[in-house]
Amino acid sequence: MNRNTSLPSLLTAAALFCFTAVASTASTFAYHTLDPNFTDSGSGLNVGTTAGVDRRVGLRFLAEESGELASLSILLNTTAETLPSTFTLFLFSDSTRPGSPNPIPAPGAMIASGSVTVTRSPTVPTEASVGSLSGTITSGQFYWLVAENTAGPAAAWLGSGLGGTSDLWSSADGQQFEQNFIFPNLAAQVALQDGMAPIPLPAGAWALLASLATLGVVKAKTVRRETSAT
């Protein structure tokens, strides 16, 4: 009896082990140049509601992973004593506008948005983040992360300090994107929802499970024969 009852337990344990390895979750990012510990990027763009300051700034990025959108984040210089300010972060698809000699990349249709209020932080940058978003991102496709100052004084969207440049659009009125230019990469993060992330199993794990399953069938047939004989 003991030998027959221990086999199903062994099979169950093996199956749970394999399932757990496959069902583990891991955080992923479609785009990530944001380091909240980075305090002096040497570059940035003011985003505000006053004259002479762009109200909207958009960063074009290439998605590195596919998945469902979770949150959008940017890094702001929030040392001004006149804060707080309210920022709305948007995710747009990629499109083009007429240009010469070639069309110019520009934000297309809006995919998601959310608002966040930032307060004064006199010594370190502030990570402005909006979560609980929805929308699908596809690896290898271009998108736009757009920040709009909807209320309050200007705050600088800081550079990432990682080098490289990106296509940017800016808008003075918050409606039409008016300027396209190349600028050092800005600090931004596009996070995806946690999902199934396979973890490599030890060599032979699946083969062991298959062998145990076969052994279980053989044992079951043996028990049925013994029962019939009696």
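Computed from the coordinates by the stated procedures, all read-outs in this text should not be read as laboratory data. Everything quoted here is computed from the prediction, not taken from an experiment. Quick reminder, even Gly has a Cβ in these numbers, built from the backbone with ideal geometry, and neighbours come from all protein chains shown.
Comparing 88, 116, 151 along the charge dipole axis of segment 60-197, the residue lying farthest to the positive side is 151, per the Cβ-charge model. Maximal additional length on extending the residue 97-residue 123 stretch stands at 5.4 nm, based on 0.36 nm per residue less the C-alpha distance.
Under 5 Å between amide hydrogens, built in the peptide plane, is the criterion, and for residue 114 it picks out 89 among residues at least 5 positions away or on other chains.
Modelled spin-label separation between residue 182 and residue 53, with each label point placed 7 Å from Cα along the Cα-to-Cβ direction: 2.9 nm.
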